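Data first, discussion second: the structure below is written as C-alpha coordinates.
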Amino acid sequence: DNLVVIVAGYPDLMDEFLNSNPGLRSRFNKFIFFDDYKPDELFQILLGMAKKQDYVLSEAAKVKAKEYFEQACANKTENFANAREVRNYFEKAVSKQATRLVKNINSIDEQMLLTIEADDLENFVSVS
(Lines give C-alpha, C1' and ligand atoms only; values in the text may rest on other atoms or scores of the structure.)
Protein backbone atom coordinates (compact mmCIF):
# COMPACT_ATOMS: atom_id res chain seq x y z
CA ASP A 1 0.00 0.00 0.00
CA ASN A 2 2.92 2.39 0.58
CA LEU A 3 5.15 1.49 -2.35
CA VAL A 4 6.41 4.17 -4.70
CA VAL A 5 8.43 3.28 -7.78
CA ILE A 6 10.18 6.01 -9.73
CA VAL A 7 11.78 5.33 -13.09
CA ALA A 8 13.55 7.91 -15.20
CA GLY A 9 15.03 8.02 -18.63
CA TYR A 10 14.86 9.37 -22.12
CA PRO A 11 11.29 9.44 -23.52
CA ASP A 12 11.81 6.93 -26.36
CA LEU A 13 13.62 4.47 -24.11
CA MET A 14 11.01 4.86 -21.38
CA ASP A 15 8.27 4.06 -23.90
CA GLU A 16 10.20 0.98 -24.95
CA PHE A 17 10.57 -0.05 -21.30
CA LEU A 18 6.89 0.52 -20.48
CA ASN A 19 5.83 -1.47 -23.56
CA SER A 20 8.25 -4.32 -22.84
CA ASN A 21 5.79 -6.20 -20.64
CA PRO A 22 2.01 -6.33 -21.06
CA GLY A 23 0.35 -4.41 -18.25
CA LEU A 24 3.49 -2.60 -17.11
CA ARG A 25 2.43 0.78 -18.50
CA SER A 26 -0.89 0.60 -16.62
CA ARG A 27 1.02 0.38 -13.33
CA PHE A 28 2.43 3.88 -13.87
CA ASN A 29 -0.18 6.60 -13.70
CA LYS A 30 1.91 9.74 -13.20
CA PHE A 31 4.37 11.02 -15.80
CA ILE A 32 6.55 14.11 -15.48
CA PHE A 33 8.48 15.38 -18.48
CA PHE A 34 11.42 17.73 -18.18
CA ASP A 35 12.72 19.79 -21.08
CA ASP A 36 16.43 19.75 -21.79
CA TYR A 37 18.38 22.65 -20.39
CA LYS A 38 19.10 25.55 -22.72
CA PRO A 39 22.75 26.50 -23.45
CA ASP A 40 22.72 29.44 -21.04
CA GLU A 41 21.25 27.25 -18.29
CA LEU A 42 24.02 24.68 -18.83
CA PHE A 43 26.57 27.49 -18.64
CA GLN A 44 25.07 28.71 -15.35
CA ILE A 45 25.23 25.14 -13.99
CA LEU A 46 28.93 25.07 -14.95
CA LEU A 47 29.57 28.35 -13.13
CA GLY A 48 27.76 26.99 -10.07
CA MET A 49 29.79 23.78 -10.07
CA ALA A 50 33.01 25.77 -10.40
CA LYS A 51 32.04 28.16 -7.61
CA LYS A 52 31.08 25.31 -5.30
CA GLN A 53 34.63 23.98 -5.63
CA ASP A 54 36.23 27.45 -5.42
CA TYR A 55 37.14 27.65 -9.11
CA VAL A 56 36.55 30.54 -11.47
CA LEU A 57 36.58 30.61 -15.25
CA SER A 58 38.74 33.13 -17.05
CA GLU A 59 36.91 35.39 -19.50
CA ALA A 60 38.28 33.35 -22.41
CA ALA A 61 37.14 30.14 -20.73
CA LYS A 62 33.64 31.59 -20.29
CA VAL A 63 33.45 32.37 -24.00
CA LYS A 64 34.68 28.89 -24.91
CA ALA A 65 32.25 27.18 -22.51
CA LYS A 66 29.30 29.16 -23.86
CA GLU A 67 30.27 28.15 -27.40
CA TYR A 68 30.57 24.53 -26.31
CA PHE A 69 27.08 24.45 -24.81
CA GLU A 70 25.60 26.22 -27.84
CA GLN A 71 27.09 23.54 -30.09
CA ALA A 72 26.21 20.72 -27.71
CA CYS A 73 22.55 21.76 -27.67
CA ALA A 74 22.43 22.29 -31.42
CA ASN A 75 23.91 18.83 -32.10
CA LYS A 76 22.37 16.65 -29.39
CA THR A 77 22.76 12.93 -29.70
CA GLU A 78 20.45 10.43 -28.05
CA ASN A 79 22.94 10.30 -25.17
CA PHE A 80 22.80 14.03 -24.40
CA ALA A 81 22.99 14.19 -20.63
CA ASN A 82 22.00 17.75 -19.59
CA ALA A 83 23.54 18.55 -16.20
CA ARG A 84 25.57 15.33 -16.27
CA GLU A 85 27.08 16.67 -19.49
CA VAL A 86 28.14 19.79 -17.57
CA ARG A 87 29.59 17.77 -14.71
CA ASN A 88 31.67 15.66 -17.11
CA TYR A 89 32.82 18.79 -18.95
CA PHE A 90 33.84 20.44 -15.67
CA GLU A 91 35.66 17.35 -14.38
CA LYS A 92 37.64 17.10 -17.61
CA ALA A 93 38.53 20.80 -17.31
CA VAL A 94 39.83 20.35 -13.76
CA SER A 95 41.90 17.37 -14.88
CA LYS A 96 43.35 19.29 -17.83
CA GLN A 97 44.04 22.27 -15.57
CA ALA A 98 46.02 20.05 -13.20
CA THR A 99 48.03 18.64 -16.10
CA ARG A 100 48.73 22.14 -17.38
CA LEU A 101 49.78 23.43 -13.95
CA VAL A 102 52.08 20.55 -13.11
CA LYS A 103 54.28 21.64 -16.04
CA ASN A 104 54.90 24.93 -14.17
CA ILE A 105 55.04 23.46 -10.69
CA ASN A 106 57.68 25.94 -9.48
CA SER A 107 55.71 29.05 -10.41
CA ILE A 108 52.14 28.26 -9.36
CA ASP A 109 50.22 30.78 -7.30
CA GLU A 110 46.78 30.57 -5.69
CA GLN A 111 45.07 32.42 -8.54
CA MET A 112 46.42 29.89 -11.04
CA LEU A 113 45.15 27.02 -8.89
CA LEU A 114 41.65 28.47 -8.81
CA THR A 115 41.31 29.52 -12.46
CA ILE A 116 40.07 27.36 -15.31
CA GLU A 117 41.54 28.69 -18.56
CA ALA A 118 40.20 28.27 -22.08
CA ASP A 119 42.92 25.69 -22.82
CA ASP A 120 41.54 23.54 -20.00
CA LEU A 121 38.17 23.23 -21.72
CA GLU A 122 37.30 20.67 -24.34
CA ASN A 123 36.54 21.73 -27.86
CA PHE A 124 33.21 20.53 -29.15
CA VAL A 125 33.56 17.12 -30.78
CA SER A 126 30.41 15.27 -29.91
CA VAL A 127 28.07 14.99 -26.97
CA SER A 128 28.05 11.62 -25.25
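General remarks:
- Cross-link pairs exceeding 28 Å between alpha carbons, from the set K30/K66; K51/K103; K30/K64; K30/K51; K76/K103: K30/K66; K30/K64; K30/K51; K76/K103.
- Residues whose amide H falls under 5 Å from that of L57, counting only those 5 or more places apart or on a different chain, are I116, with hydrogens built in the peptide plane.
- The residues of the chain have, on average, 73 Å² of accessible surface per residue, using a 1.4 Å probe with all protein chains present.
- Convex hull volume of the chain per residue (C-alpha atoms, cubic angstrom): 142
- Packing order of peptides 88-97, 61-70, 11-20, highest average first: 61-70, 88-97, 11-20 (average count of other Cβ atoms within 10 Å over each peptide's residues).
- Given charges at beta-carbon only (K, R positive; D, E negative), |dipole| of the chain in Debye: 220
- Here the stretch 1-58 is described by how far its Cα atoms reach on the three principal axes: 54, 27, 15 Å, from widest to narrowest.
- In straight-distance terms, cross-link reach from K62 covers every one of the aspartates and glutamates whose alpha-carbon lies under 19 Å from its own, apart from those fewer than eight places away in the same chain; here that gives D40, E41, D54, E70, E85, E91, E117, D119, D120, E122.
- Ellipticity at 222 nm from helices only: DSSP H runs of n ≥ 4 in the chain, each -39500 (n - 2.57), divided by the residue count, give -15500 deg cm²/dmol.
- Radius of gyration (Cα atoms) of the stretch 51-97, expressed as a multiple of 2.2 N^0.38 Å: 1.20.
The values are calculated or read from the model by the stated rules, or taken from the named source; none is laboratory data. This is a predicted model, so every value here is computed, not measured. Cβ: placed from backbone, ideal geometry, glycine included. Neighbour counts: every protein chain shown. The protein model used for the area step is the full one, side chains on, heavy atoms only, and it has no ligands, DNA or RNA in it. Shrake-Rupley method; radii C 1.70, N 1.55, O 1.52, S 1.80 Å.
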